Every structure is written in structure tokens, then in C-alpha cells.
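Derivation of every value follows stated rules applied to the coordinates shown; laboratory data play no part. This structure is a prediction, so every number in the text was calculated from the model and none was measured. Heads up, the Cβs are rebuilt from the backbone with ideal geometry, glycines too, and the neighbour counts pull from every protein chain shown.
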Amino acid sequence: MEHWNPKISDGDRPTFIENKREERAVLQARVEIKQAGTNFVSAALYDLSVSGFRLNCFTKLLEHKLVYVKIPGLQLLASKIRWMDDSEYGCMFCQPLNPYVFNHIVSLMKI
């Protein structure tokens, strides 16, 4: 199981963790999420990359169902759960984010 070790930035810009595959913005933001047949619930989104993110949610999510993330100003973003550990979830977007959308989300979610 892959574990994430976030390092939250004290500055105006999020810091970045180098991944073997891609750049990851270390940030923290409140978002709303849902799975099919459920209502939106509050969750914390961390460690965003163009391919996925880490999520903390106290509502039990089902691994076989898609997770839809609501970020203000954007369409719902569909993702799949890749790993889970109690209330922590590693999610992969069904469609990778366009780099411009990634940068826009990072600018909205600055710490």
C-alpha cells in the first residue's frame, strides 16, 4: 500500500513533491464528494497531481464505485479509489487533468 507524507507549505504557494511519474502539489482544501446513489459530503483533498489526489473523508466510501469531486467553478471530476486506509483514500482521476486545469485548481486551493 502506498502511503503519502504531506508537507504543508507555510508560504503563499503550495510546495511540490517530486514523483517518479509527475509533479504533485501539496495543498489542503475542503471539497464536496459523492458516490452514485449518495448525497454530497464534505472531505479534505490533499496532494493533487494531474492524475489523482489523496482524500480524507469520514464517510465510508466504496472502493468499487467512482468518487465525484466538486470543486467550485469546475465540472464534477470523476475518480477511482486506488487505495484506502481508514478515512484516507488515494484516488486516480478517470481522465487526467489538463495542465491548465491543474494549475487553476492549485491557484484556487493555495494554503
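Legend: ranking of residues ARG30, ARG24 from fewest to most surrounding C-beta atoms inside 10 Å; resulting order ARG30, ARG24. The simple spin-label model puts a point 7 Å past each Cα toward its Cβ; for LEU66 and GLU23 those points are separated by 2.8 nm.
Cα centroids of region 20-73 and region 88-102: 9 Å apart.
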